[in-house]
Structure formats: C-alpha cells, structure tokens
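Taking it in order: structure first as structure tokens, then the write-up.
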Amino acid sequence: MSSTLQDLVNRAVFYSTEVQTHFGALIADAEWEVDFSSDPHLTFTSTEGAVLRTRPHLLGSESGREKTWLWGWENVNDFPDAIVGLSHEVRKFGAAEDVSELTTPELSLDEELALRLTLASKEATDKWAHYPAAAGAGTTVWLLVDAAEIALPAPQVKVSVRALMQGLTQTTVTNHRAAIDAYVAKRGIPTAELPEGGLRMLFADGSADLSFDDQRRISNCDLNAPLEGEAAEQYAAAEPTGTPAEAAAASRTTESTSAPAAKDVAAPPASTPTTPTPASAGETAETAPTESVPDEKPAAEATPTAEAQTDEAAEPAAEASDTARGEQRPEDERPLGDGPVEPAETETPVEEEPSKDAKPKKKGLFSKLFGR
C-alpha cells in the first residue's frame, strides 16, 4: 500500500520531536565540527570539554537563495557513499511507497518542506535524530545523526505529553489520532480506549487522557500523575507493546491514509543555548490541545495553542557543513569538501521574560533543531 508525504510526516512527528528534544539537551552548550570524509563524523564539544561524536548522514540541502531542496542522493559534490548512502535508502523507500517527493532530485522549497522531508526520511530509515547545519551562502544541510547516547530513556508521562504539544507546533498534522497511534507504537506505550473515541496513554509514572474532535484532532489532554486508580489497573494489565525499533516497522504498515505531517527539529547553535521556544504552526494553532499537569504549571498553560507553544517549547538546533550544491555555485561559494566545516554564525538567543501581549522573538535551541 502506498503512502503520501503527509502520511509519513504524521507517523514520524511526535517520536521525532521527543528524540530531538533529548538530543538537544545533550548538545545544548556544545560547539560542533563536521567531517565529510570516508570516515564521516559530527562532533559536539561542550564548554566543559565533554565530547559527543556522532555519525552524520547527508539527506539533502535547502538553498534559501534558490528556494530549492536538493536530495543528497543526487550527489553533485561526489561525496563518498558513507555520506550519502542513507539518502539512497530514502529514495528506494520513496519509490516503493510511490512518494514522488522522495524520488524527485530537486524540489521547489516552501517553509516546511525541508523538515517534512526529514521527518519522512526518519520514518523510512528508522534514524530519529537530525541536525540542520548552516553551510553558508544561504544553504542549510540536513543530516540524520547516529549515536548510542541519543537513545531515549523509558517513557514518562510529562515528557511524552510535551512531545505531543511541541510536535503540533512544528508542522501541519491533520490527523492527530493517527500520529499518536504511530507514536505510542514506536515508543511502546500501553493505551486504553476511552468513551467517545478518547485514548488513555499509560506510563509507570502517570497517565494522559486524550479527547479528539470529529476531525481526529486533539481537543483536550488531561495529564494525571502519579499513576493510580483505574489507570494503574490498566497499566498493570497491559502487555508490553515492544521496543521502538520493533514497533517502527509495524507502524509503517498502518495509517497509510492518515492526515498531513509535522515539522521536525533543527540544529543547535555552536554557542550558548537558551530555553525552548518553537515557531508558530499556522492552522495547528486552532487545534492544539490543553493539558493538565498536576502540581506544576500545566504544559497546556505553557503551550495552550500552537502559537503559545511556539513561545515556550524546547530549543535544539545547530549548524553543520558541506552543501550538496557546490557545482551550481560560483567557485568562491562552493563547499569546502571533505574537511571539517566551521559553523556559520548564528545569533545567540537572548533570555527575556515574554509579555502576555507579545511573544518572544528569540530563536532558541529547540526551534533551531527543528529548522525553524
């Protein structure tokens, strides 16, 4: 059964958001360096000297000047297979699923396209961290990133609910229920059906009751912690749903008719991080759910709408290296080749108290990690 780009985005958005937030916390105060040689690596070094060495995979590049996306598998820079090999897997997946956006070498760019293609690529490859790297001349290189340290810990109710709230601010998600079904399958989170089509997510430390409207969008989220009562009994009776890796393959075969996609995360700056602040998400602002968090400021109050979440969600983002467009530019603007690439300058976000009438204009780590 074929899929659409929106189907793939829906299935990837929430899991990707949680991974990106976790990844962003690991590299929040780090500087980065990338090497696109036959032994590719993307290295983050914190101010304390701690080093995280990751394995980058070049997906593609977006040109702000030309307003186009170029897939890494088109490989105009003749990068070694170690760099672009995974992008070929995305193309093969796209051919099998009849997703034309994954098989067309160059695409006209819109605001969400790079993130949506990256989300689809995550669903295709089961690689769940990404890093949008500024390569100069208005070009951003989008990388999938491998590292054992990026693996998520056991699910927690508040972390998962915030991943849902933040994910809705990143891109268009037209079928929230389908997106959540894919997320709980990947994350191995037990669920229980609620009256009127609702869904309860069950965790060791609590539960979250979700309600949906007639368009399958989240209308309310009631978070309860600790785990008790009927939810505790349901959790005790629930059988494990498997690991995220085991569930990922199964989730690809479901929801092929699910609604549109969501945006992902951008790379963090090589300078000082700040607190989360995602960007606005258009139509999702009208449907972002409310969330009740006991004993602390509810996530919904912090992010009751997509626009509000844009102001307070977490911030991971950074900038990496070589561009896949070297042959299309003047000599002085072409990528540097296989050696390490210096990070492009980025404006350091400024921490300031947002007013009630105007949302902050800062662009934090979370927003950058989603390419916003």
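Numbers at a glance
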| item | result |
| --- | --- |
| Complete set of residues in the stretch 13-29 that are in a loop (DSSP other than H, G, I, E, B) and either within 12 Å of Met165 (Cβ to Cβ) or in contact with a Leu (Cβ under 9 Å, 6 or more places away or on another chain) (or both) | Ile27, Ala28 |
| Of all residues in the stretch 136-152 being touching a residue at least 12 places away in the same chain (Cβ under 8 Å) and in a loop (DSSP other than H, G, I, E, B), the one that is nearest to Leu42 (Cα to Cα) | Ala147 |
| Candidates Val51, Val76, Val9, Val99, filtered to the one that is touching a Phe, Trp or Tyr at 6+ places or on another chain (Cβ under 9 Å) and in contact (Cβ under 8 Å) with a residue 12 or more places away in the chain | Val99 |
| Only listed residue being under 17 Å from Thr21 (Cα atoms), of a type in the set (Lys, Arg) and surrounded by 20 or more Cβ atoms within 10 Å (Cβ to Cβ), chosen from Lys186, Lys158 | Lys186 |
| Check on Ser108, closer than 29 Å to Ala25 by Cα and of a type in the set (S, T, N, Q) | no |
| Residue satisfying condition, being surrounded by fewer than 18 Cβ atoms within 10 Å (Cβ to Cβ) and not small (Gly, Ala, Ser), within set Glu193, Glu123, Glu112 | Glu193 |
| Residue in the stretch 91-112 that is modelled with pLDDT of 95 or more and under 17 Å from the mean Cα position of the chain (by Cα) present | no |
| Condition met for Glu106 (touching a strand residue (DSSP E or B) at 6+ places or on another chain (Cβ under 9 Å) and surrounded by fewer than 21 Cβ atoms within 10 Å (Cβ to Cβ)) | yes |
| Residue that is nearest to the chain's Cα centre (by Cα) [pool: residues in the stretch 120-135 that are in a strand (DSSP E or B) and either of a type in the set (Phe, Trp, Tyr) or farther than 23 Å from Glu89 by Cβ (or both)] | Tyr131 |
| Per-region count, the stretch 40-84, residues among the hydroxyl-bearing types (Ser, Thr, Tyr) and surrounded by fewer than 21 Cβ atoms within 10 Å (Cβ to Cβ) | 5 |
| Which numbered condition Asn10 misses (of (1) over 19 Å from the mean Cα position of the chain (by Cα); (2) part of a helix (DSSP H, G or I)) | (1) |
| Considering residues of the stretch 172-183 that are in a loop (DSSP other than H, G, I, E, B) and surrounded by fewer than 24 Cβ atoms within 10 Å (Cβ to Cβ) only, the residue modelled with the lowest pLDDT | Thr174 |
| Tally of residues being polar (S, T, N, Q) and either closer than 26 Å to Asp35 by Cα or assigned to a helix (DSSP H, G or I) (or both) across the stretch 81-104 | 2 |
| Residue in the stretch 88-109 that is touching a Pro at 6+ places or on another chain (Cβ under 8 Å) and over 23 Å from Gly64 (Cα atoms) present | no |
| Meets criteria (in a strand (DSSP E or B), of a type outside the set (S, T, N, Q) and within 16 Å of His130 (Cα to Cα)) for Val34 | yes |
| The stretch 138-161: number of residues that are touching a strand residue (DSSP E or B) at 6+ places or on another chain (Cβ under 8 Å) and farther than 25 Å from Arg53 by Cβ | 7 |
| Residue satisfying condition, being assigned to a helix (DSSP H, G or I) and either in contact with a helix residue (DSSP H, G or I) (Cβ under 8 Å, 6 or more places away or on another chain) or closer than 30 Å to Gln156 by Cβ (or both), within set Leu117, Leu107, Leu58, Leu52 | Leu117 |
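Okay, residues lined up against (1) in a helix (DSSP H, G or I); (2) within 28 Å of Asp35 (Cβ to Cβ); (3) at pLDDT 95 or above:
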site: Phe79; (1), (2), (3): no, yes, no
site: Val159; (1), (2), (3): yes, no, yes
site: Arg162; (1), (2), (3): yes, no, yes
site: Gln170; (1), (2), (3): no, no, no
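The values are calculated or read from the model by the stated rules, or taken from the named source; none is laboratory data. Note that the structure is a prediction, hence the values are computed from the model and not measured. Glycine also receives a Cβ, built like all others from the backbone with ideal geometry; neighbour counts cover every protein chain displayed.
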